[in-house]
Amino acid sequence: MKSLVKITLLFGLAVSVTSCFDKKSPNYQFFPNMYESAGYETFAESESFNGIHQIQGQTAQLPPDGTVKRGFEIYDYENSTAGYELAKANLVSPIDSISEKELAKGKELYGIYCAICHGDSGNGKGKLVEREKFLGVPSYADRVITEGSIFHVITFGLNSMGSHANQLSQHERWLVTDYVLQLKSKL
């Protein structure tokens, strides 16, 4: 009789413990955000942006007016023919003296970004010109160029040449400008 009571008691205990168990959700959630995270669709509307700035049906946050991104250096000349002429006449390099290391850096950057079209010596006969991918790339000897005009063209681009402002920092553009002037003096 004692064993029957013990078996019944043990069976009752087992039923009561397992009756609350659910395999789909754990009993205790130590990190509930991991179990039940809020899934967001990539381009779905969100209450976070409150719809102030509507751009083509999507909401976005714009930076406040007058802000400048970190590391941005202001360039006072506009991207126009008048800006080019002003830069050609007035703009000079802020770098007083260039070390040998910086000269080598300017040559390296010229080789990476410019020589493919303008040629290693600045004669306008780079690989793309030789293969007739681009035509009419001028030689530096044929042009009246100054520090300001070179820097302006590297910054904004001119004709077929695109801007290199995203690839080169302002200091690097001045190093390339100095190297271009060295090539012009050799032609």
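Here are the numbers:
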read-out	value
Given the chain, longest segment not containing exposed loop trypsin sites (Lys or Arg not before Pro) (DSSP; at most 14 other Cβ within 10 Å)	71-130
Sparsely packed GluC sites (Glu not before Pro) within the stretch 119-167, loop by DSSP, other Cβ within 10 Å at most 10	Glu132
Under the Karplus curve 6.51 cos²θ - 1.76 cosθ + 1.60, θ = phi - 60°, whole-Hz ³J(HN,Hα) for the stretch 96-101, x wherever Gly or Pro sits	6, 9, 10, 6, 4, 5
Sites Ile116 and His171 - FRET efficiency at Förster radius 22 Å, r taken between beta-carbons, to 0.05	0.50
On Cα atoms only, tilt of 81-90 relative to the major axis of the chain in degrees	70
Tilt relative to the chain, helix 147-156 - C-alpha long axis, 0 to 90 degrees, to 10	30
Value of D in µm² per second that Stokes-Einstein yields for the chain, Kirkwood Rh from Cα pairs, at 4 °C (1.567 mPa s)	57
Using alpha-carbon coordinates, inclination of helix 170-186 to the longest axis of the chain, degrees	30
Helix-derived mean residue ellipticity, 222 nm - over the chain, DSSP H n ≥ 4, -39500 (n - 2.57), to 500	-13000 deg cm²/dmol
Kirkwood Rh and Cα Rg combined as Rg/Rh, the stretch 81-164	0.98
Rough spin-label spacing in nm, given labels placed 7 Å along Cα→Cβ, for Val92 and Leu9	10.3
In the chain, lysine pairs closer than 16 Å at Cα, eight or more apart or cross-chain	6
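Just so you know, all these numbers are worked out from the coordinates, no wet-lab data involved. Quick caveat: nothing in here was measured; it's all calculated off a predicted structure. Counting neighbours? That spans all protein chains shown, and the Cβs are built from the backbone with ideal geometry, glycine included.
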